[in-house]
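Shown next, in structure tokens, is the structure this report addresses.
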Amino acid sequence: MNEAGLFAYATGALGRQMRTEADLRRLMKRRVEPGERGDAAIETVVARLHEYGYLDDAAFAETYARLRQENEKLGVRRVRQDLQQKGVDKELIAETLEARYGQTNEEALARQHLERKRIRKPENEKETALVMRRLVTAGFSTGVIYKILRQWDVPEEALAALENLDEERHEE
């Protein structure tokens with residue numbers, strides 16, 4: 001694919017959804033001939049996209065974090081992991097998450113997540129483990145999770161069983 005075709009492909013891909021530079025490079029790599037010519041075409045297209053303001057990892061990270069916090073009520077750990085997988089620079093991730101989550105009450109956000117997912121107070125150890133897994137997956141710290149479970153008057157035996165499972169998982 002020539003440079004003009006690659007630029008059209010890249011703008012189309014960006015028009016369908018916001019992407020990071022790393023993600024877009026990965027997509028374009030499949031469309032060009034292998035070797036220096038293909039790499040040069042990708043570099044030229046990426047430079048033009050930056051010049052036009054179509055490709056901006058900082059804007060992507062801010063928008064991504066804002067939407068995950070406001071709409072999905074996800075914790076900072078999950079958003080950090082997602083941004084890393086999408087190829088955003090670690091320093092940019094740290095700056096973005098500090099700005100977005102710096103003043104956020106993690107416990108309140110976790111409760112909003114539980115409400116959004118319609119997760120109720122667990123009745124037994126199995127349900128307690130399920131709530132724990134869901135909150136860990138959503139990116140909340142175990143300290144906040146245990147605090148919420150204790151406020152729900154989850155029996156200490158159930159919490160102890162969770163701690164044992166957590167320790168066994170770390171030993172593996």
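None of the figures in this text is laboratory data; all of them are computed from the coordinates on show. Being a predicted model, the structure only gives us computed values, none of them experimental. Cβ sites come from the backbone with ideal geometry, for glycine too, and all protein chains shown count toward neighbours.
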Rg and Dmax of region 24-64, using alpha carbons, in Å: what are they?
11.7, 34
Quick calc, Arg134 & Thr44: beta-carbon distance into FRET formula, R0 35 Å, rounding 0.05, result 0.20
With respect to the cross-link table entries Lys90/Lys147; Lys90/Lys126; Lys29/Lys117; Lys126/Lys147; Lys86/Lys126; Lys117/Lys147, which display a Cα-Cα separation exceeding 28 Å?
Lys90/Lys147; Lys90/Lys126; Lys29/Lys117; Lys86/Lys126
Convex hull over the Cα atoms of region 1-41, averaged projected area in nm²?
2.6 nm²
Vicinal HN-Hα couplings computed from phi for region 90-103 (Karplus, 6.51 cos²θ - 1.76 cosθ + 1.60; Hz; Gly/Pro x)
4, 5, 5, 4, 4, 4, 5, 5, 5, 5, 7, 10, x, 9
Could you grab the relative contact order for the chain? Cα pairs under 8 Å, six or more apart, rounded to a whole percent.
20 percent
Can you give me the relative contact order of region 57-101 as a percent, contacts being Cα pairs under 8 Å and 6 or more apart?
53 percent
Quick one: Debye curve from the C-alpha atoms of the chain, no solvent, what's log10 I(q)/I(0) at q = 0.09, 0.18 Å⁻¹?
-0.46, -1.05
Give me the three principal axis extents of region 65-161 from the C-alpha atoms, as integers in angstrom, largest value leading.
42, 21, 19
Hz values of 3J(HN,Hα) by residue in region 146-156 - Karplus curve (6.51, -1.76, 1.60), Gly and Pro given as x:
5, 4, 5, 4, 5, 5, 7, 6, 5, x, 4
Restricting to DSSP H runs of at least four residues, report the calculated mean residue ellipticity at 222 nm for the chain, -39500 (n - 2.57) per run over all residues, nearest 500 deg cm²/dmol.
-23000 deg cm²/dmol
